[in-house]
1. Out of all the residues in the range 1-18, which are out of contact with any helix residue (DSSP H, G or I) (no Cβ under 9 Å at 6 or more places or on another chain) and among the aliphatic types (A, V, I, L, M)?
2. Have a look at 66, 51 and point out the one that is assigned to a loop (DSSP other than H, G, I, E, B) and not charged (D, E, K, R).
3. Keeping to the range 1-18, report how many residues are under 19 Å from residue 34 (Cα atoms) and surrounded by fewer than 10 Cβ atoms within 10 Å (Cβ to Cβ).
4. Which of the residues spanning the range 32-86 are touching a Pro at 6+ places or on another chain (Cβ under 9 Å), over 20 Å from residue 2 (Cα atoms) and among the aromatic types (Phe, Trp, Tyr)?
5. Quick check on residue 41: is it under 30 Å from residue 53 (Cα atoms) and exposed (fewer than 10 other Cβ atoms within 10 Å of the Cβ)?
Amino acid sequence: MAMRRFYNEIKGRRVSEIPEHVKPMLSLNYIKRAIQRGMDNYHAKYIETSSPEPLFHVCYGGMIFSYLVALPHERRHLQHQAHNHH
């Protein structure tokens with residue numbers, strides 16, 4: 001959704017105008033405000049409505065995080081195992 005809005009904003013601009021349009025979006029304050037807006041929207045959508053989805057988000061996020069943390073170790077293990085079998 002954000003990408004579509006961004007695309008629509010730059011669609012009618014010349015290539016030379018795009019850096020001037022994008023530069024303010026890369027400032028620290030803009031990024032902080034965008035994150036705060038996202039957190040406010042999340043809170044309004046899930047927390048205030050007593051939805052169980054935040055619990056699912058935490059569970060799925062935890063599983064993905066643990067998978068990514070274990071991935072380098074697993075890859076080393078599989079490479080070592082494949083090397084020993086040949």
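1. Pass one, the range 1-18, residues out of contact with any helix residue (DSSP H, G or I) (no Cβ under 9 Å at 6 or more places or on another chain): 1, 3-5, 7-8, 11-12, 14-16.
Selection gives 1, 3, 15.
2. 51
3. 7
4. none
5. Details: under 30 Å from residue 53 (Cα atoms): yes; exposed (fewer than 10 other Cβ atoms within 10 Å of the Cβ): no.
No; evaluated as a whole, the condition is false for this residue.
We did not get these values from a lab; they are worked out from the coordinates using the rules stated. Since we're looking at a predicted model, the values are computed, not measured. All Cβ positions, even for glycine, are placed from backbone atoms using ideal geometry, and neighbour counts span all protein chains on display.
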